[in-house]
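J.: For reference, the structure I am asking about is given below.
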Amino acid sequence: VPSREDGFAIASQYLERHIEILLGGGRKHFAAAQRKDERDLLAEFGTRGYAVCRTAEELTAAPVDHPCLGLFADSHLPFTLDQQSDAKLQKTVPTLAVMTQAALTRLERADRFILQVEGGRVDHACHNCDIAAAIHDQIALDEAIEVCWNFYVQHPDTLLVMTTDHGTGEPAISGAGNEYEDSYRLLARVKGVKRSFPEILKLLTRSKTPAAIAEVISGSTGLRIATDQAALLQPFLEKKGQALFSGMKSDTAQLGQLLAAHLGVGWVSGSHTGDHAPLVAVGPGAELFRGFMPNTDIFKNYLQLAGVSYRNPVWAQRHVPLPFAVAMERVEEYQFA
Ligand SMILES: [Zn+2]
């Protein structure tokens, strides 16, 4: 499709392409009431033999010898941080690790397969400059990686690649306090944060004074927020705030700045950032994924390994040769064993 935002077309393509297992959010794109063509895709997936699941319990009970469609939220899945403080969400939304295991249990039966697992809400949390939400979703991804690793140990003929397409917000622990260790003491306070920024902002809609704003943020984060700090945030909550850098001109970015003063984690912006992304691979073909490389080469490697000949028709028009050599750097000499 021309745009990744076109979820309705993508949902029907999933059915046409007969993807074996699809788990996540985005239920609205499958519902007759919300589709222009009024197709009931959930019913159509059922007719084609899919086990259609709406809750974590239904996923656990679904037969492993059927293709599976699990949609656990109308839009995005909740932030893991919010899910942990909501018993209902814990029942309805499986963790990324549970979804990964459900997928591998089914795909293990196939001769060969490709599975993509995305910790997609880490990016969303970082767009919000929300370190607590980012860390909890990063941990959820880490637990899913453990599931993949265990599969790899049992099936060493599997190529396992772990990477990301880009950084977001570029959060970093920043020196704070008088001692080096003060930074870690501040970071440890992340454990006391109980709500993501969107949830805190929902509560803040009725807070009209700096004192009320400070109380809501303190109640959600366990941090002692001063009234004069809350007063600096207030214009951004009212959408009239002015920031010297436009990349920080939002309620979420400013809330991130406020918490940076308490947690010691600073932000570059609420946008995608140019930091290097990790790239780790094990298994056959892993040698193609080493060192520093343009992230588009990861896709080319997948094609090569899968024996697929494909050229993106759009890429040819957009491609402008880079002004420097992009061949893989030989970094073996300074890699740790
Ligand atoms: Zn993003």
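J.: Quick check on my filter: what residues within segment 10-29 are more than 18 Å from Ala103 (Cα to Cα) and open to solvent by 30 Å² or more (accessible area, probe 1.4 Å)?
T.: If the condition is that a residue be more than 18 Å from Ala103 (Cα to Cα) and open to solvent by 30 Å² or more (accessible area, probe 1.4 Å), then Ile10, Gln13, Glu16, Arg27, Lys28, His29 are the ones that fit.
For every residue, the table says whether it meets (1) open to solvent by 60 Å² or more (accessible area, probe 1.4 Å); (2) touching a Pro at 6+ places or on another chain (Cβ under 9 Å).
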| residue | (1), (2) |
| --- | --- |
| Thr205 | yes, no |
| Gly222 | yes, no |
| Thr227 | yes, yes |
| Ala243 | no, no |
| Gly264 | no, no |
| Asn295 | yes, no |
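J.: What's the number of the condition Val280 fails, among (1) within 27 Å of the chain's Cα centre (by Cα); (2) open to solvent by less than 70 Å² (accessible area, probe 1.4 Å)?
T.: Of (1) within 27 Å of the chain's Cα centre (by Cα); (2) open to solvent by less than 70 Å² (accessible area, probe 1.4 Å), only one is false for Val280: (2).
J.: Taking segment 34-57 only, how many residues are of a type in the set (Phe, Trp, Tyr) and more than 14 Å from Ile19 (Cα to Cα)? It would help to see each step written out before you state the result.
T.: Of the residues in segment 34-57, the ones of a type in the set (Phe, Trp, Tyr) are 45, 50.
Filter again for more than 14 Å from Ile19 (Cα to Cα), leaving none.
The total comes to 0.
J.: Tell me the residue from Asp142, Asp137, Asp165 that is open to solvent by 60 Å² or more (accessible area, probe 1.4 Å) and either more than 16 Å from the ligand (Cβ to nearest atom) or part of a helix (DSSP H, G or I) (or both), please.
T.: Details: Asp137 fails: open to solvent by 60 Å² or more (accessible area, probe 1.4 Å); Asp165 fails: either more than 16 Å from the ligand (Cβ to nearest atom) or part of a helix (DSSP H, G or I) (or both).
Only one candidate qualifies: Asp142.
For (1) within 16 Å of the ligand (Cβ to nearest atom); (2) without any contact (Cβ under 8 Å) to a residue 40 or more places away in the chain, each residue gets a yes or a no:
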{"residue": "Val117", "(1), (2)": "no, yes"}
{"residue": "His124", "(1), (2)": "yes, no"}
{"residue": "Val147", "(1), (2)": "no, no"}
{"residue": "Leu159", "(1), (2)": "no, no"}
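J.: Just checking, does segment 102-109 include any residue being more than 16 Å from the ligand (Cβ to nearest atom), open to solvent by less than 20 Å² (accessible area, probe 1.4 Å) and free of Cβ contacts under 8 Å to residues at least 60 places away in the same chain? Break it down into steps so the answer makes sense when it comes.
T.: Restricting attention to segment 102-109, the residues satisfying the condition of being more than 16 Å from the ligand (Cβ to nearest atom) are 102-109.
From the residues that got through so far, the ones that are open to solvent by less than 20 Å² (accessible area, probe 1.4 Å) too are 102-104, 107.
With the extra rule that they be free of Cβ contacts under 8 Å to residues at least 60 places away in the same chain, the set shrinks to 104.
There is at least one residue in segment 102-109 that is more than 16 Å from the ligand (Cβ to nearest atom), open to solvent by less than 20 Å² (accessible area, probe 1.4 Å) and free of Cβ contacts under 8 Å to residues at least 60 places away in the same chain.
J.: So which helices (runs of 4 or more DSSP H) stay within segment 8-125 end to end and still have 1 or more residues that are among the basic types (Lys, Arg)?
T.: Numbers: elements: 41-47, 56-61, 80-84, 87-92, 96-107.
Fully inside segment 8-125 and qualifying: 87-92, 96-107.
J.: Next question, about the same structure. How many of the residues making up segment 35-92 are under 15 Å from Leu15 (Cβ atoms) and of a type in the set (Gly, Ala, Ser)?
T.: Of the residues in segment 35-92, 5 are under 15 Å from Leu15 (Cβ atoms) and of a type in the set (Gly, Ala, Ser).
J.: Can you confirm whether segment 176-183 contains a residue that is modelled with pLDDT of 95 or more, away from the ligand (no atom under 15 Å from the Cβ) and surrounded by 15 or more Cβ atoms within 10 Å (Cβ to Cβ)?
T.: no
J.: State which residue pairs qualify: first residue within 16 Å of the ligand (Cβ to nearest atom) and inside segment 259-282, second residue open to solvent by 50 Å² or more (accessible area, probe 1.4 Å) and β-branched (Val, Ile, Thr) in any location, beta carbons under 9 Å apart, and separation of 6 or more residues or different chains.
T.: Asp275/Val268; Ala277/Thr163; Ala277/Thr164
The values are calculated or read from the model by the stated rules, or taken from the named source; none is laboratory data. All figures in this text were calculated on a predicted structure; none of them were measured in a lab. Cβ coordinates were reconstructed from backbone atoms using ideal geometry, including for glycine residues, and neighbour counts include every protein chain displayed. Heavy atoms of the whole protein, side chains included, go into the accessibility calculation; ligands, DNA and RNA do not. Shrake-Rupley method; radii C 1.70, N 1.55, O 1.52, S 1.80 Å.
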